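*Asks:* Supplied in structure tokens, the structure appears directly below.
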Amino acid sequence: MVTPPASRRPGFSRRAQYGLFAGYMLAISGALFGLLMVITAHYDPDGHNALRGVVQDISSPVASAGRELIGGGRNAYEAVAAYIDAGSKNRAMGREVAADRTAIVSGRNAIFENSRLRALLKMEQSERAPVVAGQIVSSMGENSRTFAILNKGHLAGVTSGEPVRGPDGLVGLVVQTGAISAQVLLISDTGAVVPVRRASDGLPAFSRGLGDGRLTLTSAVPGINPFKVGDTFVTSGTGGVYAPGIPVAIVIGIDHDGAIARPFADPARLDFALVEPQFVTAPPAPTEIKTKTVHHNKGRK
Amino acid sequence: MMRPALNLGRRRTELMNQPSPIKIKMVPTLSVMIASLSPAFPIVINYPVLPPLGAMVFLGWRLLQRHIWFPWSGVVLGFFNDLANGTPGTATLTWPMMQLIMDLVDQRLPWRDYHTDWRLGSMLITLYLLLALTIANYTGGRTTVIFIMPQIIISILLFPLCIRVCGALDQWRLR
């Protein structure tokens with residue numbers, strides 16, 4: 001074995017030395033460019049989205065194709081697994097049916113109440129058509145932020161800021177679009193805050209990702225911890241973006257200052273995801289402000 | 001006695017075949033780029049467990065062959081990794097830093113064996129993940145270190161395999 005050369009010393013050639021020096025200068029300025037990108041991302045999170053979309057458009061068709069294969073495999077596995085735990089599942093379902101009966105009664109009541117209130121408000125609840133139906137094909141599992149990739153981009157009319165929902169519940173928010181793919185910030189991301197309310201009594205709360213796929217719920221009302229295990233939460237529509245009434249999560253544990261919840265929509269088993277138009281709340285009616293008119297006369301006192 | 005004519009023929013072409021310079025140059029770069037494209041894998045995970053494959057392959061090559069990268073290679077490949085993984089400049093910033101650290105390490109530890117490489121790689125990847133977490137939190141996230149511990153452990157355990165794969169690719173490209 002030969003002793004490895006100590007470093008990149010190119011010898012006595014000036015030309016080679018300058019070349020190496022230029023290489024290192026490039027490396028350092030490149031690293032500084034990276035730092036600059038980090039800092040701009042801090043102040044403008046949507047800044048370099050146009051660039052990012054390009055690489056994403058390359059990878060998303062590959063993921064789409066692979067997704068088809070994996071989907072088939074998982075269905076077979078689930079069919080087998082369903083037989084194995086059929087007995088315990090039967091008992092659990094029996095309990096669930098009993099619980100659901102009471103839920104249906106309160107649900108009917110809610111529907112009645114809802115229609116009455118709506119009539120009262122003369123609110124036109126038009127069914128908002130989704131922008132497009134797509135599929136969550138992959139995710140960025142290396143990144144501590146939880147981004148998923150949707151296989152529809154701005155060519156299909158998807159734009160940044162639109163909420164994405166699956167058949168089970170809220171999935172996330174489109175944060176960036178390529179031509180044929182879009183990046184979705186999942187609700188389980190630690191930076192994603194969703195205003196929610198308890199489905200049963202409308203208790204307002206905020207949901208935020210915990211970092212491991214679960215959510216933390218924080219009550220918007222000060223006081224004792226109001227959460228109970230099994231509480232279900234839906235979007236409240238407060239502040240726009242997410243339309244009200246989309247299922248978000250079910251409480252699975254109580255924390256010292258809130259609750260831990262599991263999202264209803266499991267992005268790993270999403271067949272389809274609907275991109276919905278951004279929910280816009282009507283601005284409050286303008287209040288009349290009476291001001292004294294002041295005349296400015298220059299040079300006179 | 002039969003002469004092994006076919007065999008001789010193959011041996012001659014083996015001797016005459018030089019590995020193509022394009023293959024020699026492009027295999028390391030392409031392997032890092034492909035490893036960076038983990039979002040092309042059709043799996044959806046909503047918590048960080050995938051090891052940073054791009055960074056690991058990049059570092060794996062560097063540990064095997066000290067002159068494999070230009071000083072600025074980390075910038076270009078890191079930039080690609082950032083674009084693929086939705087990170088805001090993390091790899092662009094850290095990969096050239098990893099290269100500089102490795103240059104310093106080369107001066108201190110010119111002789112390294114498998115265990116030294118593993119330890120070194122583990123330390124650098126752990127540092128990389130912690131810095132990536134810091135940057136992710138600076139740019140909008142709020143993840144605590146506990147939740148990336150599984151990712152760190154998986155990365156450390158997978159690192160020898162990563163070096164193996166780089167080694168196999170290295171042999172293939174020089175064949």
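The values are calculated or read from the model by the stated rules, or taken from the named source; none is laboratory data. From a predicted model like this one, the values you see are computed outputs, not experimental measurements. Cβ placement follows ideal geometry from the backbone for every residue including glycine, while neighbour counts extend to all protein chains displayed. Accessible surface is based on the protein model in full, side chains and every heavy atom, while ligands, DNA and RNA are left aside. Shrake-Rupley method; radii C 1.70, N 1.55, O 1.52, S 1.80 Å.
*Asks:* Looking at (1) in contact (Cβ under 8 Å) with a residue 40 or more places away in the chain; (2) under 15 Å from the mean Cα position of the chain (by Cα), which is the only condition A:SER236 fails?
*Replies:* A:SER236 satisfies all of (1) in contact (Cβ under 8 Å) with a residue 40 or more places away in the chain; (2) under 15 Å from the mean Cα position of the chain (by Cα) except (2).
*Asks:* Examine the range A:210-218 for a residue that is farther than 17 Å from B:ARG142 by Cβ and either polar (S, T, N, Q) or under 13 Å from the mean Cα position of the chain (by Cα) (or both), and state whether such a residue exists. Break it down stepwise before answering.
*Replies:* Here is the first cut: in the range A:210-218, the ones farther than 17 Å from B:ARG142 by Cβ are none.
No: the range A:210-218 contains no residue that is farther than 17 Å from B:ARG142 by Cβ and either polar (S, T, N, Q) or under 13 Å from the mean Cα position of the chain (by Cα) (or both).
*Asks:* Going residue by residue through the range B:37-50, is there one that turns out to be within 13 Å of chain A (Cβ to nearest Cβ), under 16 Å from B:LEU158 (Cα atoms) and surrounded by 23 or more Cβ atoms within 10 Å (Cβ to Cβ)?
*Replies:* Looking through the range B:37-50, at least one residue is within 13 Å of chain A (Cβ to nearest Cβ), under 16 Å from B:LEU158 (Cα atoms) and surrounded by 23 or more Cβ atoms within 10 Å (Cβ to Cβ).
*Asks:* Right, next: Taking A:VAL171 as the residue in question, decide whether it is away from chain B (no Cβ under 14 Å), among the hydrophobic types (A, V, I, L, M, F, W, C) and crowded, with 24+ Cβ neighbours inside 10 Å. Show your work before the answer.
*Replies:* Numbers: away from chain B (no Cβ under 14 Å): no; among the hydrophobic types (A, V, I, L, M, F, W, C): yes; crowded, with 24+ Cβ neighbours inside 10 Å: yes.
Criteria not met by A:VAL171.
*Asks:* Here is a follow-up. Just give me the residues in the range B:127-146 being buried (at least 19 other Cβ atoms within 10 Å of the Cβ) and under 18 Å from A:PHE147 (Cβ atoms), in sequence order. Walk me through how you get there before you give the answer.
*Replies:* The initial filter retains those residues of the range B:127-146 that are buried (at least 19 other Cβ atoms within 10 Å of the Cβ), namely B:128-129, B:132-133, B:135-136, B:139, B:141, B:143.
Correct list: B:LEU129, B:ALA132, B:LEU133, B:ILE135, B:ALA136, B:THR139, B:GLY141, B:THR143.
*Asks:* Mind telling me which of the residues B:LEU63, B:LEU83, B:LEU50 ends up being touching a Lys or Arg at 6+ places or on another chain (Cβ under 8 Å), hydrophobic (A, V, I, L, M, F, W, C) and closer than 29 Å to A:GLY166 by Cβ? Spell out how you get there, then give the answer.
*Replies:* On the way: B:LEU63 fails: closer than 29 Å to A:GLY166 by Cβ; B:LEU50 fails: touching a Lys or Arg at 6+ places or on another chain (Cβ under 8 Å).
Result of the check over B:LEU63, B:LEU83, B:LEU50: B:LEU83.
*Asks:* Then there's this: Go through (1) at pLDDT 95 or above; (2) away from chain A (no Cβ under 11 Å); (3) surrounded by 16 or more Cβ atoms within 10 Å (Cβ to Cβ) one by one and return the number of the condition B:ILE163 breaks.
*Replies:* B:ILE163 satisfies all of (1) at pLDDT 95 or above; (2) away from chain A (no Cβ under 11 Å); (3) surrounded by 16 or more Cβ atoms within 10 Å (Cβ to Cβ) except (1).
*Asks:* Residues B:THR134, B:THR116, B:THR126, B:THR144: which one is closer than 17 Å to A:GLY141 by Cα, under 20 Å from the mean Cα position of the chain (by Cα) and hydroxyl-bearing (Ser, Thr, Tyr)? Explain how you work it out, then say what you get.
*Replies:* Working: B:THR134 fails: under 20 Å from the mean Cα position of the chain (by Cα); B:THR116 fails: closer than 17 Å to A:GLY141 by Cα; B:THR144 fails: under 20 Å from the mean Cα position of the chain (by Cα).
Result: B:THR126 is the single residue among B:THR134, B:THR116, B:THR126, B:THR144 that is closer than 17 Å to A:GLY141 by Cα, under 20 Å from the mean Cα position of the chain (by Cα) and hydroxyl-bearing (Ser, Thr, Tyr).
*Asks:* Between a first residue in the range B:134-148 that is free of Cβ contacts under 8 Å to residues at least 12 places away in the same chain and a second residue that is hydroxyl-bearing (Ser, Thr, Tyr), which pairs have beta carbons less than 8 Å apart while being 6 or more apart in sequence or on different chains?
*Replies:* Note: pairs meeting the criteria are B:ASN137/A:SER144; B:ASN137/A:THR190; B:ASN137/B:THR143; B:GLY141/A:SER144; B:GLY141/A:THR190; B:ARG142/A:THR190.
*Asks:* Give the residue, chosen from B:GLY60, B:GLY54, B:GLY74, that is closer than 20 Å to B:SER122 by Cα, crowded, with 24+ Cβ neighbours inside 10 Å and within 7 Å of another protein chain (Cβ to nearest Cβ).
*Replies:* B:GLY74
*Asks:* Could I ask something else about it? Of all residues in the range B:1-47, count the ones that are at pLDDT 65 or above and either assigned to a helix (DSSP H, G or I) or farther than 30 Å from A:LEU150 by Cβ (or both).
*Replies:* Taking the range B:1-47 as the starting set, the residues that turn out to be at pLDDT 65 or above are B:17-47.
When the remaining residues are screened for being either assigned to a helix (DSSP H, G or I) or farther than 30 Å from A:LEU150 by Cβ (or both), the result is B:17-36, B:38-40.
Of the residues in the range B:1-47, 23 are at pLDDT 65 or above and either assigned to a helix (DSSP H, G or I) or farther than 30 Å from A:LEU150 by Cβ (or both).
*Asks:* Filtering the range B:82-126 down to residues that are at the interface with chain A (Cβ under 10 Å from one of its Cβ atoms) and of a type in the set (Asp, Glu), which residue is most open to solvent (accessible area, probe 1.4 Å)?
*Replies:* Residue satisfying both the conditions and the ranking: B:ASP103.
*Asks:* Residues being over 17 Å from B:MET102 (Cα atoms), among the β-branched types (Val, Ile, Thr) and in contact (Cβ under 8 Å) with a residue 40 or more places away in the chain: count how many of those fall in the range B:14-67.
*Replies:* So the answer is 5.
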